[in-house]
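Values in this text are rule-based calculations from the coordinates and carry no lab data. Owing to the predicted nature of the structure, the values given are computational and were not obtained by experimental measurement. FYI the Cβ positions are ideal-geometry reconstructions off the backbone, even for glycines, and counts take in every protein chain you see.
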Amino acid sequence: MTSNIINSDKRIESLSQVISEGPAKKVKKALLEVLESAICQKFKENSKFVRDHLSYVKKLRLAENPDGYAKYLARKQVPDELSYNTRIEKVQTWYRGELRTKLEELNSLYYEISQEEKCEISKENVKGIIQGLLNTSLTNE
C-alpha cells in the first residue's frame, strides 16, 4: 500500500513537471544553450548569429503569451519536414562541435513544436481538469 502511494506521488510530480514546462521554457533554454556554445566558440557578441538568437530570447521574455510566441517561432523557423531537413544539412555543414549539437537540438525542438496539433482545450483548463481528477482520485482511495 505504501509503495503505491509513493509511486503515485512520483507520477504526480513528473506530470506536474511536464505540464509546467511549456514550449516557451523549452525554446528559451535551447536558445540560451546555443548562445553559450556560440560564444564559447568565439562568435563575436555583435555577430548576426548571436544578435538573432538573442533577439528570440528577448522576445520570448517580453511576449504577452510566451508559449504562443514559441509556437509561432517554431512554425516560422521549421514549418515542415523539408525545411527541417534543409536546416539540419546547413547546420552540419557550417557548424562543429557542441554548437552543431545544440543547433540540431533547437531545430528538432522547433520541428516537434511546429508539428503539434492545436489543443482544443486551453492549457489552463487542462491543468484545472487534471487537478480535479487528482483530487477526486485521492478522496476515493
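In terms of its C-alpha gyration tensor, the stretch 37-100 comes out oblate, because a/c is 1.5 or above while a/b does not outweigh b/c. For the stretch 78-100, the residues whose backbone nitrogen is under 13 Å from a point 7 Å from the Cα of Cys40, taken along Cα to Cβ, are 96-100. Length available on full extension from Val57 to Ser108: 0.36 nm per residue minus the Cα-Cα distance, which gives 16.6 nm.
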